[in-house]
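So the structure is just underneath, and the comments pick up after that.
The values are calculated or read from the model by the stated rules, or taken from the named source; none is laboratory data. What you see is a predicted model; the values in this text were computed from it and never measured. Cβ placement follows ideal geometry from the backbone for every residue including glycine, while neighbour counts extend to all protein chains displayed.
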Amino acid sequence: MCHRFIPLAAVFLLTACSLLEHPDTLGRSRSETMGEVIRNPKSDSEEAPDTAAHLYLAAVEYPKDYDWVRDTAHTSVDARLLLFRDGECTVSFPAGDAWRVSTDPDTHWILDGHLYTVFSDGAETWILRDGKPLHHYAGAEDIKGMLIRDGMLWTLAQKRSGSGFTLRCDATAVKDNAQGTLIGSLYADGEDLCFAFGLTVKAGNYTIRKYFLSSGDQEKEVSIPSDATAVFDIRRVGGITYATYRQGSIPLGPVLSSDGGSRSLAFNMSGFQSPDWCEIIPGGDAILVKGWYNCTNGSRRYILWDRSGMRWLYNTYIVIRDFYADGEGNIAAVGYDDRTGNTLLFLPPGGGISALYDLGKRYRFVSPRAALLYGGQLYVGLTGEGEDMLYVNGQGTPVAVNGPLTVLAYQ
């Protein structure tokens, strides 16, 4: 069953643009659209090309009275996947093993306004678009990245059996590595498709770990110190290759390196033990590093750095599910209070993330991909019992779906 809701995002866009006559005119001035009519008149049967950005939301819907959290009838329940565009349900199709459609949020992708799903039975992998079979090939894979370039679907997947990964274009293997371990996902930097991976190399009696960045048709080794005890992330941003790692000679770490050198992001604070994860986030003309520290008392503290050092350090009772950045340098975060279970939104006033919305614990944040930061506004899909909620900068709009919201996209 399809539904409709009016997201605040759509209201904000309409208000900002003051173009209420037709959704095709969103983001364009009246003089531009009127000029096109004069220069290139169209018959009533022709439609103007849709150049506006739209807010897409994917959700899993279960029968009204079904307890999908316990999911006792997982293999037989009548579940469906829904795709909303600007509040209107445009796609609905059945989900479940029989349909080769998983309800797992990690298997859902929104690309060019379509809902792609990935399913594997342990021997084969299927990719569907809007519920219709698109690609099918032998082998079980966990797809870590998916994007469209020039009308072709590119996927990057780690093999489920042992090590190795495969980069595919429309299901055809372009790179097939039997030993590599992926670091991060597939993304575009400029005109190049990029990803990073590590290899374990035997050299006599020694075992050496090497790291590489694949960009376009090239694979370049990334220099990592020999005393690195953990490599967290490698990513190219604006043509520059960055890496984060923990180094034995700098135990408080982490270290952020680039093509031009490296610097420690470490700071000395009582009770801190070591960084346990540090991931690179593109943020417009800059980069950010998100991660957490393990503490000597067994707790964990989340932290966000920019290239100049620490920006935000959170209390031990705040658990950050993920940080978000847009191309304008804004930053936001979604998390929860470990003492109460309340969902927390950290919004981006003036580029910071100091504004806090405590939304209570009625709604939960099921998937980090169910949020995005676009034009300085934080969009978050939260899941409740019998009803979900779409929040835009802390203001909520109900979504009448019994099931989790899995992916948000603005495209």
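Structure summary
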{"read-out": "Subset tally (residues that are without any contact (Cβ under 8 Å) to a residue 40 or more places away in the chain and under 17 Å from the mean Cα position of the chain (by Cα)) for the stretch 302-327", "value": "1"}
{"read-out": "The stretch 386-411: number of residues that are crowded, with 20+ Cβ neighbours inside 10 Å and in contact with an Asp or Glu (Cβ under 8 Å, 6 or more places away or on another chain)", "value": "6"}
{"read-out": "Selection from the stretch 78-90 of residues that are in contact (Cβ under 8 Å) with a residue 60 or more places away in the chain and at negative phi", "value": "Ala79, Arg80, Leu82, Phe84, Glu88, Cys89, Thr90"}
{"read-out": "Total residues in the stretch 293-334, condition farther than 30 Å from Gly375 by Cβ and not basic (Lys, Arg)", "value": "9"}
{"read-out": "Tally, over the stretch 225-236, of residues that are at pLDDT below 95 and in contact with a strand residue (DSSP E or B) (Cβ under 7 Å, 6 or more places away or on another chain)", "value": "5"}
{"read-out": "Long-range neighbours under 9 Å by Cβ, at least six apart or interchain, first residue within 17 Å of Gly216 (Cβ to Cβ) and touching a residue at least 60 places away in the same chain (Cβ under 8 Å) within the stretch 173-192, second in a strand (DSSP E or B) and acidic (Asp, Glu)", "value": "Gly184/Asp233; Gly184/Glu279"}
{"read-out": "Residue list for the stretch 317-331, restricted to those being at pLDDT 90 or above and either at positive phi or surrounded by fewer than 20 Cβ atoms within 10 Å (Cβ to Cβ) (or both)", "value": "Tyr317, Ile318, Val319, Arg321, Asp322"}
{"read-out": "Boolean, Ser223 is small (Gly, Ala, Ser) and within 30 Å of Gly375 (Cβ to Cβ)", "value": "no"}
{"read-out": "Hits in the stretch 242-256 - residues which are of a type outside the set (Phe, Trp, Tyr) and buried (at least 20 other Cβ atoms within 10 Å of the Cβ)", "value": "Ala243, Thr244, Arg246, Gln247, Gly253, Pro254, Val255, Leu256"}
{"read-out": "In the stretch 167-184, the residues that are of a type in the set (Ser, Thr, Tyr) and in contact with a Ser or Thr (Cβ under 8 Å, 6 or more places away or on another chain)", "value": "Thr181"}
{"read-out": "Residue count, the stretch 133-147 (criterion: of a type in the set (A, V, I, L, M, F, W, C) and surrounded by fewer than 14 Cβ atoms within 10 Å (Cβ to Cβ))", "value": "1"}
{"read-out": "Of all residues making up the stretch 92-106, the number that are buried (at least 19 other Cβ atoms within 10 Å of the Cβ) and out of contact with any Lys or Arg (no Cβ under 7 Å at 6 or more places or on another chain)", "value": "4"}
{"read-out": "Which numbered condition Thr383 misses (of (1) on the phi < 0 side of the Ramachandran plot; (2) touching a residue at least 24 places away in the same chain (Cβ under 8 Å); (3) buried (at least 19 other Cβ atoms within 10 Å of the Cβ))", "value": "(2)"}
{"read-out": "Among residues of the stretch 242-265, those that are within 27 Å of the chain's Cα centre (by Cα) and modelled with pLDDT under 85, counted", "value": "1"}
{"read-out": "Candidate set: the stretch 118-131, residues that are touching a strand residue (DSSP E or B) at 6+ places or on another chain (Cβ under 9 Å) and within 13 Å of Glu141 (Cα to Cα); chosen: the one surrounded by the fewest Cβ atoms within 10 Å (Cβ to Cβ)", "value": "Ala123"}
{"read-out": "First in the stretch 329-342 and touching a residue at least 24 places away in the same chain (Cβ under 8 Å), second anywhere and crowded, with 20+ Cβ neighbours inside 10 Å and polar (S, T, N, Q), Cβ under 6 Å, 6 or more apart", "value": "Tyr336/Thr343"}
{"read-out": "Neighbours by Cβ (under 7 Å, 6+ apart or cross-chain): first from the stretch 259-271, at negative phi and in a loop (DSSP other than H, G, I, E, B); second at pLDDT below 75 and not β-branched (Val, Ile, Thr)", "value": "Leu265/Gly309; Phe267/Met310"}
{"read-out": "Lone unmet requirement of (1) in contact with a Cys (Cβ under 7 Å, 6 or more places away or on another chain); (2) among the aromatic types (Phe, Trp, Tyr); (3) within 22 Å of Leu186 (Cα to Cα) for Phe323", "value": "(1)"}
{"read-out": "Cβ pairs under 6 Å, 6+ apart, first in the stretch 282-301 and closer than 13 Å to Leu252 by Cα, second assigned to a loop (DSSP other than H, G, I, E, B)", "value": "Cys295/Gly271; Thr296/Gly271"}
{"read-out": "Residue check for Thr33: of a type outside the set (Lys, Arg), touching a His at 6+ places or on another chain (Cβ under 9 Å), at pLDDT below 50 and outside any strand (DSSP E or B)", "value": "yes"}
